[in-house]
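What follows is a single structure, written as structure tokens, with notes after it.
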Amino acid sequence: MTEYARWQWQEEGTSWRGVGIYHVTLTIPSREALLGKLVIPNNNPAQAWVERTELGQALLDCQRSLPIFHPEIQVLQYSLMPDHLHSIWFVRRPMTKSIL
């Protein structure tokens, strides 16, 4: 059984397309810091931030344009990390196709 099949909890063809709030994580498979670089000013973690790479900025630009192509999706929040992106999406009405 694949990892995807193990975590599949809805009927095939119906998951990830209904009205609801979804936490989506996009990850660089190699876990390389291709999306940004962690910057810690004055060695103070409370001031840490991620300096975006060109690829990281392009990914955020794509995500911001998502509602243009899929108006049923509203991006509520996101957090770009050096090797992944966390997003919270609100699907406002049922979609014909899954977001997977």
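The values are calculated or read from the model by the stated rules, or taken from the named source; none is laboratory data. Model, not experiment: these values are computed from the prediction. Here the Cβ is made from the backbone with ideal geometry for all residues, glycine too, and neighbour counts use every protein chain on show.
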Notebook entry, point to check: How many residues are of a type in the set (S, T, N, Q) and at pLDDT 80 or above when one looks only at segment 8-39?
Noted result: 3
Checklist line | Unmet requirement for VAL75, which otherwise passes all of (1) outside any strand (DSSP E or B); (2) free of Cβ contacts under 8 Å to residues at least 60 places away in the same chain | finding: (1)
Next item on the list: Could you look through segment 60-92, keep only residues that are out of contact with any Pro (no Cβ under 9 Å at 6 or more places or on another chain) and charged (D, E, K, R), and pick out the one that is farthest from VAL50 (Cα to Cα)?
Entry: ARG64
Checklist line | Scan of segment 13-69 for residues that are surrounded by 12 or more Cβ atoms within 10 Å (Cβ to Cβ), assigned to a helix (DSSP H, G or I) and of a type in the set (Gly, Ala, Ser), ordered by number | finding: GLY56, ALA58
Notebook entry, point to check: Only one of these conditions is not met by ARG52: (1) farther than 30 Å from ARG93 by Cα; (2) at pLDDT below 95. Which number is it?
Noted result: (2)
Check: When segment 46-71 is examined, which residues are found to be over 29 Å from SER98 (Cα atoms) and aromatic (Phe, Trp, Tyr)?
Finding: TRP49
Note to self: Among the residues in segment 71-90, are any under 15 Å from LEU34 (Cα atoms), surrounded by 16 or more Cβ atoms within 10 Å (Cβ to Cβ), among the hydroxyl-bearing types (Ser, Thr, Tyr) and at pLDDT 95 or above?
What the structure shows: no
Check: Can you tell which of ARG31, ARG52, ARG93 is touching a residue at least 24 places away in the same chain (Cβ under 8 Å), among the charged types (D, E, K, R) and touching a Gly at 6+ places or on another chain (Cβ under 6 Å)?
Finding: ARG52
